[in-house]
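What follows is one structure encoded as structure tokens, with my remarks underneath.
No value in this document is a laboratory result; all are computed from the given coordinates. Treat the numbers as computed from the prediction; the structure is a model and nothing was measured. Every residue, glycine among them, receives a Cβ derived from its backbone with ideal geometry; neighbour counts consider all protein chains shown.
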């Protein structure tokens, strides 16, 4: 799994990921990434990356295209975000789960993150 910075959303092949890249926050601290696994675009990620001494980065958005959901891509992307956070010397990853897809309830999304070790603060 690799997260590649998106510099031009038009170069993103997957339509759903491209749309997310175009529509996502353009705040100064926000960076957009496409997750690549075995040469395939599998997710859109946006992170709010604040300068140190901030001890955390914020996972602002994680979207796996509908056509490839429930195959473990989201979990592997989350593990890569956590790995990068450590590499970049952040103590933790913060997030506030909010479903972007009506087929996922807030409770279901919160449970998904809870099952991966995240706790409500």
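General remarks:
- At R0 = 35 Å, FRET efficiency that the Cβ-Cβ distance of residue 66 and residue 89 yields, to 0.05: 0.50
- Mean Cβ count within 10 Å, highest first, over the residues of peptides 58-66, 112-120: 58-66, 112-120
- Mean Cβ count within 10 Å, highest first, over the residues of peptides 94-100, 71-77: 71-77, 94-100
- Label-point gap, in nm, between residue 23 and residue 114 - each point 7 angstrom along Cα→Cβ: 2.7 nm
- Dividing the summed -39500 (n - 2.57) terms of all DSSP H runs of n ≥ 4 by the residue count of the chain sets its mean residue ellipticity at 222 nm at -8500 deg cm²/dmol.
- GNM remark for the chain: springs join alpha carbons under 10 Å apart, and the peak mean-square fluctuation among 41, 55, 110 falls on 55.
- Using a Gaussian network model of the chain in which every pair of alpha carbons under 10 angstrom is joined by a spring, one finds that among 27, 35, 91 the greatest mean-square fluctuation is at 27.
- Global form of the range 53-121, assessed from the alpha-carbon gyration tensor, a/c cut-off 1.5: prolate
- Kirkwood hydrodynamic radius of the range 8-70, Cα pairs, Å: 12.4 Å
- Virtual spin-label span in nm between residue 52 and residue 121, 7 Å along Cα→Cβ: 1.9 nm
- Part-to-part distance (alpha-carbon centres) for the range 29-45 and the range 73-121, which is given in Å: 15 Å
- Taken over the range 2-114, the alpha-carbon convex hull comes to 106 cubic angstrom per residue.
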